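Notes to accompany the following structure.
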Amino acid sequence: MPDNVQGPDRSDRAALRADCASCFGLCCVALTLTRSADFAIDKDAGKPCGNLQEDFRCGIHTELRTRGFPGCTVYDCFGAGQKVSRETFDGQDWRGAPRTARQMFQVFPVMRQLHELLWYLTEALSLEPARPLHGEIRRTLEETERLTHLPADAFLDLDVAGHRDIVAELLLRTSELVRATAPRRKKRDHRGADLIGARLKGADLRGVDLRGAYLIAADLTGADLRLADLTGADFRDADLSGADLTGSLFLTQAQLNAARGNAATKLPPSLRRPAHWDR
Ligand code: SF4
């Protein structure tokens, strides 16, 4: 949630990075918050968080972790917030136009899903071993991009789940082509595996399929995750100190934000080191 995202990128994903200064604080209004270790309050969808200021900035931005809102430092909208604010609703904010506010809050999570798919597809297009699929990836990326430019009322009829399935199948084939270039391992498929609290210190996980794996609080210090497929892996409180994530597949900023790490963690160029990591 409200933050600044910067850094070099091997591919053009600037539009897929949150630009909170261009957003009407949509993640702080449109989403439901449930009181937990991540959020100190309960809040219904469509109701502004009490910490959101009139200028759509967070009033406790620098203290989110100490004030009981670490979940806000993990969340990433993939640039959906500014797209909905500036393009779909043409710069008309929900305070000034309460009649369209509800629609704006409904469009935002749909746009976020589409932008997340754009993030993955853009990465897929940069992967050389997946060159045989580049034509199909490019067409799917263009179709996904087209959907993000639809008028607001068209969003609510979109079959996003169906489109996600198409993209997921394509990314799976992409992953297989890329991971085939990694050194052979006995067990390469840990898809959806329960690895909560697993001791994987220094593990060679090159080319391993960790899609959707539960790595909560796992010890991955010094692990080699190059060419590992990390799509949707749950890294909450996992320790990535000293781990090598360069060349890992489909890692997102939110996954990194949820983990722990340090200055020795090697990151893909498209991602930044979370501010709360040990320096
Ligand atoms: S605490 Fe700040 S970042 Fe989190 S929802 Fe509220 S206003 Fe947004």
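No lab work stands behind these numbers, since they all come straight from the coordinates. Worth saying up front: this structure is predicted, and the values here are computed from it rather than measured. Cβ placement follows ideal geometry from the backbone for every residue including glycine, while neighbour counts extend to all protein chains displayed.
Some observations on this one:
- Gaussian network model of the chain, springs between alpha carbon atoms under 10 Å - residue of Arg95, Arg226, Arg164 with greatest fluctuation: Arg95
- Taking every lysine pair in the chain that is 8 or more places apart or spans two chains, those with Cα atoms closer than 30 Å amount to 7.
- Rg and Dmax over the alpha-carbon atoms of segment 67-152 stand at 15.9, 49 Å.
- Most fluctuating residue given options Gly59, Gly46, Gly162, as computed from a GNM of the chain linking Cα atoms under 10 Å: Gly162
- Within the shell of other residues whose beta carbon sits under 10 angstrom from the beta carbon of Pro129, the net charge comes to 0, with Lys and Arg scored +1 and Asp and Glu -1.
- Taking 37 °C and 0.692 mPa s as conditions, segment 117-188 diffuses translationally at an estimated 245 µm²/s according to Stokes-Einstein applied to its Kirkwood radius (Cα pairs).
- Cα-based shape type of the chain, given that a ≥ b ≥ c are square roots of the gyration tensor eigenvalues and the cut on a/c is 1.5: oblate
- Seen against the Cα atoms of the chain and their longest principal axis, helix 134-148 is set at about 20 degrees.
- Dipole magnitude of the chain about its Cα centre (Cβ charges: Lys, Arg +1; Asp, Glu -1), debye to nearest 20: 720
- Calculated [222 nm] ellipticity per residue, helices only, for the chain: -9000 deg cm²/dmol; basis is -39500 (n - 2.57) per DSSP H run with n ≥ 4, divided by all residues, nearest 500.
- Peptide ranges 130-136, 261-267, 70-76 listed from the most packed, as the mean C-beta count within 10 angstrom indicates: 70-76, 261-267, 130-136
- Comparing Gln253, Gln103, Gln53 in a Gaussian network model of the chain (Cα springs below 10 Å), the most mobile by mean-square fluctuation is Gln53.
- Per residue Cα convex hull volume in Å³ - calculated over segment 201-279: 67
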